[in-house]
1. Which numbered condition trips up Arg94, out of (1) touching a Lys or Arg at 6+ places or on another chain (Cβ under 7 Å); (2) within 22 Å of Val68 (Cβ to Cβ)?
2. Need the failing condition index for His62 against (1) out of contact with any Leu (no Cβ under 7 Å at 6 or more places or on another chain); (2) assigned to a loop (DSSP other than H, G, I, E, B); (3) at pLDDT 90 or above; (4) not small (Gly, Ala, Ser), just the number.
3. Looking only at segment 39-59, count every residue that is assigned to a loop (DSSP other than H, G, I, E, B) and of a type outside the set (A, V, I, L, M, F, W, C) and tell me the total.
4. I'd like the full set of residues that are in a loop (DSSP other than H, G, I, E, B) and at pLDDT 90 or above, limited to segment 65-82.
5. Which ones in segment 54-87 are more than 20 Å from Phe121 (Cα to Cα) and touching a residue at least 12 places away in the same chain (Cβ under 8 Å)?
6. Can you report the number of residues in segment 89-119 which are outside any strand (DSSP E or B) and touching a residue at least 24 places away in the same chain (Cβ under 8 Å)?
Amino acid sequence: MSNASAAGRSQDFQDSQHAAIGKRSREVDDEIRYCERCGISYLWSIEEQRTRADAGAPAPEHCPGCRVLLPPPARTRGLVKWYNIRKRYGFIVRQGEPEIFVPAAALQGARFLQTGDLVEFSLGQNQEGPIAQDVILLQRDEALLDKPR
């Protein structure tokens, strides 16, 4: 076997490898997407595409910033309208929605709520109407923390 034919086969092998790599890289590529909430464009990277594909998750509808700010599916956020520590219940308000009753038993982590606290919760139903369940305190109202009592 001559050196020329061995070199030719080696070159053919390298060309086929480069073609296979090029084909794989064309299958998945970084993608420019637009956020459904805020409208900005963002890059959906190859790494995130592969991670989501492995998990069976669909393509994101929101930019990374909105994904951090928005509550997870089946949960919502609101502000505490008022909460009575002695009676152990209160109400949460959301923009354009009716008030939601929040009993102390629904609190996760926090022992009580204060007016103006930002909370995240899932919605439930009892005999009297909608009720907040699995309430998580996201942020205390800083204005109330600074006031002397």
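The values are calculated or read from the model by the stated rules, or taken from the named source; none is laboratory data. These numbers come from a predicted model, not from an experiment. We place every Cβ from the backbone using ideal geometry, glycine too, and count neighbours over all the protein chains shown.
1. Arg94 satisfies all of (1) touching a Lys or Arg at 6+ places or on another chain (Cβ under 7 Å); (2) within 22 Å of Val68 (Cβ to Cβ) except (1).
2. The one condition His62 does not meet is (1).
3. 4
4. The answer is Arg75, and nothing else.
5. Within segment 54-87, Ala59, Pro60, Glu61, His62, Cys63, Pro64, Gly65 meet the criteria.
6. 10
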